[in-house]
1. Any chance you could give the angle, 0 to 90 degrees and rounded to 10, that helix 221-230 forms with the longest Cα principal axis of the chain?
2. Running Debye on the chain with equal point scatterers at the Cα sites and no solvent, what base-10 log of I(q)/I(0) appears at q = 0.13, 0.14 Å⁻¹?
3. Multiply the residue separation of residue 3 and residue 100 by 0.36 nm, subtract the distance between their alpha-carbon atoms, and state the gained length in nm to one decimal.
4. Lysines within cross-link reach of residue 260: Cα-Cα under 29 Å, excluding same-chain residues under 8 positions apart?
5. What is the chain's relative contact order, in percent, from Cα pairs under 8 angstrom and six or more apart in sequence?
6. Quote the relative contact order of the stretch 53-161 in percent (integer), defining contacts as alpha-carbon pairs under 8 Å separated by 6+ residues.
7. Suppose R0 equals 51 Å. What FRET efficiency, 1/(1 + (r/R0)^6) with r the Cβ-Cβ distance, do residue 160 and residue 86 give to the nearest 0.05?
8. According to a simple spin-label model (label point 7 Å from Cα along Cα-to-Cβ), what is the distance in nm between residue 93 and residue 168?
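Throughout, read-outs are computed from the coordinates displayed, never taken from laboratory work. Keep in mind that what you see is a predicted model, and the values were worked out from it rather than measured. Here Cβ is always computed from backbone atoms with ideal geometry, including for glycine, and neighbour counts include all displayed protein chains.
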Amino acid sequence: MNNQLANDSLRDDLLGNDDLRAQSEELLDAVVKTVNNQNLEHGLSAEFDDVTEILAGISISRARQGFSPRDTGIYIFGLKDALLKVLQDEIKNDPQTLYDFTLRISKLVDSFGITTFETFIKGREEVILRQTDEISEISTPVIRVWDGIVALPIIGTLDSARTQVVMENLLQQIVDTGSSIAILDISGVPAVDSLVAQHLIKTVSATRLMGAECIISGIRPEIAQTVVHLGIDLSNIVTKASLASALKYAFAMINLEVRKSQK
């Protein structure tokens, strides 16, 4: 605890001293209960499963709380410093024994550090994947713009995983709203290559299978040139330069006319 509290980078804004002490006591109790002269150099053995489980829990919770790998490393290696200090105090008159036990303790805690970092990375990856899924959900909103008309503005690059999210959200909204027209606006897509075009075509096909017509809007001049250059056939899909043009076309499809009132 003294080693951790003395460190300038201690994140007491993420974890209070009481919680830090409770974590440290739980870990130290498990180590003391398990370690003996035979397994001192085998920190990755099954005998240390309880210790490994505690370390894994600490690492994952810290990854989710926003700790850096350095913060977690300081926590684990603070234990090494404390153990080595005890060794120096107790067997300082026997240099050879002190040297041997210093190596063995170092190897033990280093193995704990490996376990901790592996679990920490796994925890951070889970956080990143969850955030990626949440961002995908947020960045693919399906908007009901009129009775029978929904629009989906796509921002960013379309890949296979995101296309699946787009399809699911769009098809579900078509069912929920009973819409017969869907507008895919790609104004926010930075570039369209053959792969992105194939994803768009799949989305249009899935929409048509649900009994709705699909319009692609936001076809900028550079995108039009790229599509022609790649030889991608979009002739059987209605495309418009802007969302406004697509909406006007959709109104005509359902025999709806919007006029400016004369006062």
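1. Taking the Cα atoms of the chain, the angle to 221-230 is about 90 degrees.
2. Log10 I(q)/I(0), no solvent term: -0.82, -0.90.
3. Working: separation 97, 0.36 × 97 = 34.92 nm, distance 2.35 nm.
My answer for the length gained is 32.6 nm.
4. Candidates past the 8-residue exclusion: 240, 248.
5. 13 percent
6. On the way: 73 pairs, mean separation 35.1, N = 109.
Result for the stretch 53-161 is 32 percent.
7. On the way: r = 55 Å, r/R0 = 1.09.
It comes out at approximately 0.40.
8. Result for the modelled spin labels: 7.0 nm.
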